[in-house]
Amino acid sequence: MPRSHVLPMAALLLGLTPASRAAAADEPVLVEFHFTPVPNAQIAIWLEDAKGEYVQSVMVTQAVGKYGIGNRPGIWNFLSSWRAPYGPRVSVLPVWAHRRGKTYPKIILHDEDPGDLDSLGFHENTSSDEPYFCRPLSPSEHETISVDTMTCPSPKVFNSDKGQFDPNGDISWYPPRNDILTYDPALDAEEIQTYAELNDLDAITAATPPGDQATFVTVLVRPEAMAEAPLTAYLEISVEADENAAYSFDRDNDHYVDPDLSAYGVEYLGQPSVVYAVPFDPYTKGFRGTSEYAGYADWDGATGTLHPPDATISVADGSGADRLQVMTKNGETFRWGVYSHGGPGEGGTTSSGSDSDSGSDSDSGGVTGAGSTTGDDPGDGWGSCAQVQALAPVEDVVLVSESFDRVQVSFRLPPPADPTIALKEVQVFSIASSANLTEELLGAAHQSTFAAGELHAAAGLVTVEVGELWADYTYQFGVRYEDACTNRSPLVTAQITTEAQKFQTVDTFCFLATAAWGAPWAAQVAALRAFRDDYLKTTPTGVDLIRFYYAHSPPLARVIAREPLLRGLARVVLQPVADAALLATAGG
């Protein structure tokens, strides 16, 4: 049976004498966090002091910390989908967000036409190049594309409305996205240039754990964060569409369905996020863990309230409180575990290898993602960090395009300077840009993390695969690794251009058809586009027709797009043409 290993607060303070605690007061303490999440989870880890005050964030997954899914434009309960750009997920991690106590300007659509504010598709006049998100998926596409291949349809040419600050001054508990590198003054609001500056989570943002694997997060807890020890380590976890009998939601009645694009978007509402808590004294070397969850959040993220456990939350099959799996390590069985290496009086020492990531900001924790176990320790099996390491960079980085959206990254890891300190993980960053990837740009780059146990080396050569890329883009890659004591190697970079995608491409030139059906990815628009490319472009007469169409249709399209009656009439007129185009191109 799983056992809880949470000790009373007072007992935690007995490990150090006043003299040894004073001696440790100026040193950071290395703390490890162990858990096994289910796949596709959003996670935040943070610390609070003995008074229940927030003191430091340790980690937040990059969908929240980098891509701003908690504060993006559109209706909060949009029928959206994996990597869609609209619909703020205010219920993703509300306990963590509110306890941080930091607010940001609320992001709303830059498209100020009232008729467009509830739409997934009518934002062409305020949409610029999109570096990460892609168009919404239909339910059938979500099952095949999102789950099986994690591939975005229509890469390269999908544009999005990046939003603007709410002119009414409304706030959000989540930061805006941090990955926008370019600003188009003709399409974007000026404030998108400040999103990255407002987003203060660079130092703690980490790749989403792969799921169903033991995960190991480390942090150097700063002395000022331990002023009111003991501390409590919290983990909040959410999973979209995690429904049960108490939290059952309907696609059409509980979500907002875009009437003009009703076939697109999938459900995401479900059980609220669940929180685990473990009290511990960072100055006292040892492990604390629990198998019981502390409570759950509001289902809609309305407040930061932590509701006590009850029968409405599932506890099995990877759902609800079982989003953290029961795991056993070094004789301890738990769901949420904390191991402190302790202060000098405990014989524990810390590494300063990641100290450069720890600034004065309360969320600068020098965090990393999933990893392996620490080095050998004959005492308790959890390992020790007795030396500060200067890690050598990886060597011989080679990039090979495997498909339009996947790249193979190969490199050599140098021999460890200290064999007693284990490799924790390799971090691979990627960003669509012609500019070299630097440490300063890592906040905007996508991060993929590979735990030491996942790495497969042949003759010293390590190979990993990075997916979820755009087709026919130039990408900058960066590779570094980290050991169990938070020491990091320098970033080593390389460049590659992905292959062109040979299917599902769209553009924005089918003006009237796009206006009629609401979005450039509609089946009728795709059929007309294919007819243009396969037939009209192959003849001089067809090319002249295309030029005439491009010259004269945009003004009419803008009028049609904003009038439901005119859109309906346009569909009636264009549907026979689209049907004929579909038949003509069906064999292509």
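Taken together, the values in this text are just the output of simple stated rules run on the coordinates, not laboratory data. Please read these numbers as outputs of a predicted model, since none were measured by experiment. Please note: Cβ atoms are built from the backbone with ideal geometry, for glycine as well, and neighbour counts cover all protein chains shown.
Putting +1 on Lys and Arg Cβ atoms and -1 on Asp and Glu Cβ atoms, find which of THR493, GLN447, PHE404 reaches farthest to the positive end of the dipole of region 395-497.
It is THR493.
Using the Cβ atoms and a cut-off under 15 Å, what net charge is assigned to the surroundings of ALA41, where Lys and Arg are +1 and Asp and Glu are -1?
Once all neighbours under 15 Å are counted, the net charge is -3.
For all pairs of alpha-carbon atoms in region 160-278, what percent lies in each bin of width 5 Å, listed from the first bin to the last filled one?
Answer for region 160-278: a P(r) of 2, 7, 10, 12, 14, 18, 16, 11, 6, 2, 1, 0 percent.
Treat each spin label as a single point 7 Å out from the Cα along the C-beta direction, and report the ARG251 to ALA302 distance in nm.
Rounded to a tenth, the inter-label distance reads 2.8 nm.
State which entries of LYS51/LYS102; LYS51/LYS424; LYS66/LYS106; LYS285/LYS329; LYS106/LYS162; LYS66/LYS102 exceed 23 angstrom in Cα-Cα distance in the structure shown.
Among LYS51/LYS102; LYS51/LYS424; LYS66/LYS106; LYS285/LYS329; LYS106/LYS162; LYS66/LYS102, the Cα-Cα distance tops 23 Å for LYS51/LYS424.
For a protection proxy built on the mean count of beta-carbon atoms within 10 angstrom, sort 206-213, 242-249, 424-431, 189-196 highest first, please.
The peptides rank, most packed first, as 424-431, 206-213, 189-196, 242-249.
How many Å³ per residue does the convex hull of the Cα positions in region 9-357 occupy?
It is 146 Å³ per residue.
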